[in-house]
Amino acid sequence: MQLVLVNGRILTRGGIVDGQAVVIRDGRIAAVTDAAQAPAGADRRDLEGGLLVPGFIDTQVNGGGGVLFNDAPTVETIAAIGAAHRAYGTTGFLPTLISDDLSVVDAALRATERAIEQGVPGVLGAHIEGPFLNVQRKGIHDPDKFRVLDDEAIALLSSLKRGKTLVTLAPETTTPEMVARLAAAGVTVAAGHTNATYETTRRALDAGVTGFTHLFNAMSPLTSREPGVVGAALESQTAWCGVIVDGRHVDPATLRIALRTRPLDRFMLVTDAMPTVGMVEKTFDLQGRRIHVVDGVCVDDQGTLAGSDLDMAGAVRNAVSMLGLSLEDAVMMASRAPAAFLGLAGQRGDIAPGQAADLVLLDDALEVRETWIDGIPAR
């Protein structure tokens, strides 16, 4: 079976093109060709002039659709999170577990394996955010769950048999040698919830850290005499930086300055989303604390940030309106950049032959009209 998408504006690496058709075969993009030359006899979908863009990839998704991964690290929870975020253009995601006991980490990884095996749409792996963090930059994480990265933890974090594993840790709580062991085992390592010095962060980058989790939030800042984690992140021209563009986690002016310091394709949009995404109810419990959505962000009763109520389509719109980015660059930060961070460059993140047919149809207001994952439309 083939599917041909016609009569749309298609965002390719060369820009937005008209008069082209996207040919999908066996879940992948077979061709982007002149509409008049699209295969005859295939099923056709008229996009009615909408904008077709690569599907969004979110590497930090704590919850959605009323469920939190920590509360129930199961296939059913992963499916519910994926379904909630798919409505906002997320076609690939890492269900994210915040700091918890290793038994819960194990359950989360096993659930991720089963979800991928069972074909839950969009699951690319798992993000284990903690518990190897610094209490000085704990944010909403429960410090009682924090522990040292040891042999047992490395064996567990390296055990995912399907998909990608992303681990966020504080470099100063471990050693470059331990970071290198994780990286050598195929784990993607990011620095986050860290009070590391610039020098410690540089050593971690040399050892195998390739990303920074929610840049500026929960990390030592750039100051005049101590560049800190932020300084090391902005100086690096190769590591990827996740950014939460909601106007509250980081001031847009700060992000605009940051974007000028390094290649734009080394920034990626993330949501850090909580269960409220896709829900009317905007309160939930997080490890015994009541969390409320206030002005679009999640906070506890003391005002501590606890993730976001942001979705990826909203992040793309904000990147355009708040940061002054072109639509092409905003979408790149939501698709190609996170794909490359996860080692999936050439497989996902672009509308090009050979890539997975993960696609989003947007209207003129950049609201999501339809999605496809592996060529299959949402049901």
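Laboratory data are not the source of any read-out in this text; all were calculated from the coordinates shown. Values in this document were obtained by computation on a predicted structure and should not be read as measured data. All Cβ positions, glycine included, derive from the backbone under ideal geometry; neighbour counts span all protein chains shown.
Put the Cα centre of region 264-313 next to the Cα centre of region 168-182 and the gap is 28 Å. Residues whose amide H falls under 5 Å from that of Lys164, counting only those 5 or more places apart or on a different chain, are Gly125, Ala126, with hydrogens built in the peptide plane. Protection proxy ranking, highest mean first, for peptides 15-28, 113-126: 113-126, 15-28, where packing is the per-residue count of other beta-carbon atoms within 10 Å, averaged. Of the DSSP H helices in the chain, those with a Cα length along their own long axis of 15 Å or more and a mean Kyte-Doolittle hydropathy reaching -0.5 comprise 75-86, 102-117.
Note on Glu177 and Gln237: with the Förster distance fixed at 25 Å, the Cβ-Cβ geometry gives a FRET efficiency of about 0.50. For the chain, the 222 nm mean residue ellipticity estimated from helices alone, with every DSSP H stretch of n ≥ 4 adding -39500 (n - 2.57) and the total spread over all residues, rounds to -7000 deg cm²/dmol.
Ranked by the mean number of other Cβ atoms within 10 Å per residue, highest first, peptides 136-142, 168-174, 214-220 order as 168-174, 214-220, 136-142. One Cα centroid belongs to region 1-76, the other to region 319-377; the line between them spans 9 Å.
Per residue, the convex hull spanned by the alpha carbons of region 234-379 comes to 145 Å³. Given their separation in residues at 0.36 nm each and the Cα-Cα distance between them, Arg162 and Ile16 gain 49.1 nm when the chain is fully extended. Considering only Ser308, Ser99, Ser158, the mean-square fluctuation computed in a Gaussian network model of the chain, springs between alpha carbons under 10 angstrom, is largest for Ser158.
For Ala196, nonlocal amide neighbours, meaning residues 5 or more places apart or on other chains whose placed amide H falls under 5 Å from its own, are Glu172, Ser220.
If you run the Gaussian network model on the chain, springs between alpha carbon atoms under 10 Å, then out of Val245, Val280, Val187 the most flexible one is Val280.
Quick one: among Ala273, Ala84, Ala155, which has the greatest mean-square fluctuation in a GNM of the chain with alpha-carbon springs under 10 angstrom? It is Ala155.
Computed on the Cα atoms alone, the convex hull of region 136-239 gives a volume of 101 cubic angstrom per residue.
Here the average projected area of the convex hull drawn through the C-alpha atoms of region 55-341 stands at 13.1 nm².
Of all beta bridges that DSSP places with both ends in the chain, some 50 percent have antiparallel geometry. The length gained on full extension between Glu76 and Arg290, counted as 0.36 nm times the residue separation minus their Cα-Cα distance, comes to 74.7 nm. Spin-label model, Thr304/Asp363: points 7 Å from Cα along the beta carbon direction are separated by 4.1 nm.
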